[in-house]
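See below for the structure under consideration.
The values are calculated or read from the model by the stated rules, or taken from the named source; none is laboratory data. Since the structure is predicted, the reported quantities are computational estimates derived from the model, not experimental observations. Note that we place each Cβ from the backbone using ideal geometry, even for glycine, and neighbour counts take in every protein chain shown.
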Amino acid sequence: MGGRALELRVPLKLVLAGEYGVLEPRGLGVVAGLERLVRAMVLPRPEGGVRVEDLTGSAGRLVLSGPEADGQLWLAGAPCGEGEPPHPVRQALALWHGGAGTAGQSGALGRWRVVGAALELAYRYVAALGLRPQGLELQLDSSAGSQELASGERTKLGLGTSAAVTVASAAAVLAAHGVPIDRPTFRRAVLRLSLLAHHAAQGGAGSGIDVAAASYGGVLAFIRPSEEWLAHAVRHARTPLELVRAPWPELEIEPLPVPGGMRLLAGFTGRASGTPELVRGYRRWRHEQPGAHARFRKLSHAAAAMLVAALRRGVPAEVQQAIRHAHRALVFLTEQSGLGIVTPALERLVALVEQHAGSGAAAKVSGAGGGDCGLAIVWDEQTEARVMAGWSAEGILPIPLEIARWGVRERALDGPRARGSA
């Protein structure tokens, strides 16, 4: 690290199409990286060890000893300084020994599970590159993923904070050791290390589409690797470097063009959703009603493929139609599963945008649903202002969004140059 202090900036995400469908093997989703950024300060720690601090939440801090020459880390104490016998992070996370862990683990260690996985994988990666692992301090500011309400309460928006923090953790280790994360080879390494850490920490529950948005930014078509393929790859790789360098034939990421004039808005309904519970409910439902599930998969994939084609062609009317189809797929899922994905508040959010359909506006649920945000796509300032005013009048918080041109990027705090920035 050479004594350098760095700042990393990592985009949050908004899913444009393919929610739930992207959880399936070869499931297609479309996502936008947002210029709402998780920020991470990376500082040298000459005395060794790794210390991670949450500057904006209640998670406190994670203190690790090491890294060993091979990149292994050890818990020096539980988060928030509570005493706990030391044991290997890799064993605690069950990443290389025994497969993925259980999503939603309770307690302080559960909150830091994904960060610990990302850090150790990244340290083992840089050690395998032939670099000497060095200690660091990581300060995470994820306030961009939440919003203060009129009541003074701060609530999460459902914009992929956990994935952005995962990417920040992996990228911090690489950048601190002088690995240029703006180069395609190493940006891909950050993505793959983060996907593996997120997958392990969530017990395979997530798709990784939010990790892709945080890593690359822009608008992406995303097809996830299957859980079976990931498990097989982990079993047969000797090091994270070997795993990252291997072909990943089941992972597909395609940057998509953004038509001129396209504007994104998120509308927060005032109620945070329980994404893990909804995902678990979806997984139960697909086994209970395979026929309805097969129909939903077709609807979701068709809508996402329609949006990919519309963005490639840059035709606003086709984008509008694809967004509507994506929303109808989620309405079908809600009606068939009873999971409450499309809530009355989200239905109202969409209906308010449909009043401006003649101007090309379209809206849908974004993400897991059950609360959190819906999105609108508009094409001019006047329609944007009308949609925002309509939402505000109904108690829906409008959030104008800018699509991030870049994914995770680095800035040296002792100089003006920022890798990966314009």
Residues that are touching a residue at least 24 places away in the same chain (Cβ under 8 Å) and more than 28 Å from V279 (Cα to Cα): list the strands (runs of 3 or more DSSP E) wholly contained in the range 119-199 that include at least 2 such residues. 136-141
Can you tell me which residues in the range 370-383 are under 12 Å from P400 (Cα atoms) and in a helix (DSSP H, G or I)? E381
Does the range 289-296 include one or more residues that are in contact with a helix residue (DSSP H, G or I) (Cβ under 6 Å, 6 or more places away or on another chain) and outside the structural domain of E335 (by TED's automatic domain parsing)? no
Test each condition in (1) surrounded by 20 or more Cβ atoms within 10 Å (Cβ to Cβ); (2) at pLDDT 95 or above for T269 and report the one that comes out false. (2)
Scanning the range 403-422 for residues that are among the acidic types (D, E), surrounded by fewer than 16 Cβ atoms within 10 Å (Cβ to Cβ) and modelled with pLDDT of 85 or more gives none
Quick check on this structure: which one of R328, R386, R312 is assigned to a helix (DSSP H, G or I), among the basic types (K, R), over 26 Å from the mean Cα position of the chain (by Cα) and surrounded by fewer than 20 Cβ atoms within 10 Å (Cβ to Cβ)? R386
Scan (1) out of contact with any strand residue (DSSP E or B) (no Cβ under 9 Å at 6 or more places or on another chain); (2) surrounded by 19 or more Cβ atoms within 10 Å (Cβ to Cβ) for the single condition C373 breaks and write down its number. (1)
Under 9 Å between Cβ atoms, at least 6 apart or on separate chains: pull out the pairs that start in the range 205-216 with a residue that is assigned by TED's automatic domain parsing to the domain that holds W248 and more than 11 Å from G33 (Cβ to Cβ) and end on any residue that is of a type in the set (A, V, I, L, M) and surrounded by fewer than 24 Cβ atoms within 10 Å (Cβ to Cβ). A205/L23; A205/A103; A205/V279; G206/L23; G206/A103; G206/V279; S207/L23; G208/L251
Pair list, Cβ < 9 Å and 6+ apart or interchain, from the range 66-83 residues that are closer than 24 Å to Y125 by Cα to residues that are among the aromatic types (F, W, Y) and at pLDDT 85 or above: G66/Y123; P67/Y123; E68/Y123; D70/Y123; G71/Y123; G71/Y125; Q72/Y123; L73/Y123
Being touching a Lys or Arg at 6+ places or on another chain (Cβ under 7 Å) and either of a type in the set (V, I, T) or assigned to a helix (DSSP H, G or I) (or both) is the filter; apply it to the range 238-292 and report the residue that is nearest to E318 (Cα to Cα). V244
With respect to the numbered conditions (1) among the hydrophobic types (A, V, I, L, M, F, W, C); (2) without any contact (Cβ under 8 Å) to a residue 24 or more places away in the chain; (3) exposed (fewer than 15 other Cβ atoms within 10 Å of the Cβ), which one is the sole condition not fulfilled by A317? (2)
Could you check the range 331-366 and list, in sequence order, the residues that are part of a helix (DSSP H, G or I) and among the polar types (S, T, N, Q)? T334, Q336, S337, S359
Does A150 meet the test of being out of contact with any Phe, Trp or Tyr (no Cβ under 8 Å at 6 or more places or on another chain), surrounded by fewer than 18 Cβ atoms within 10 Å (Cβ to Cβ), farther than 17 Å from L243 by Cβ and modelled with pLDDT under 95? yes
